[in-house]
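Participant: Dropping the structure in here first, questions after.
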Amino acid sequence: MLVVERVAALHRVDLFALDGPYDWVLEEPELQQLYTQVLRTVDREHQQTLIRQMERHTRDQAYFLFLYNPIKLYAVNKAVDFVPYINTTLNLAETSVTEQHWSVREAQKASGRE
């Protein structure tokens, strides 16, 4: 399980650095070299050693500021069926409004179905 967690942590770095889609970090060549070595290494123990080196390097260079946020508070209209997700983004894919929501009532009034 530790391997999965470390690879997931590497994936987060891959998004926000190392030429990822949200890369704004000017990495030193050392970090790029470590990342390339991790991708080319099939020996899991050696891979974990390299990932730990990447983590130390990232910490020492302070590329990111990791903040602890234990409580997520969402205020939702009572006519909204809110489905929360346990992740770092506000995903509204399954959230919907009820028949009592003002936007639905307004649409019904405008169409004469009230």
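Participant: If we keep just the residues of the stretch 87-108 that are exposed (fewer than 11 other Cβ atoms within 10 Å of the Cβ) and not polar (S, T, N, Q), which is nearest to ASN77 (Cα to Cα)?
Facilitator: Only one residue fits best here, namely TRP102.
Participant: Further question on the same structure: Can you tell me which residue is nearest to ARG105 (Cα to Cα) among those in the stretch 43-82 that are of a type in the set (A, V, I, L, M) and at pLDDT below 85?
Facilitator: Once the filter is applied, the top-ranked residue is VAL76.
The values are calculated or read from the model by the stated rules, or taken from the named source; none is laboratory data. These figures come from a predicted structure and were not determined experimentally. Positions of Cβ are generated from backbone atoms using ideal geometry, with glycine treated the same way; all protein chains shown enter the neighbour counts.
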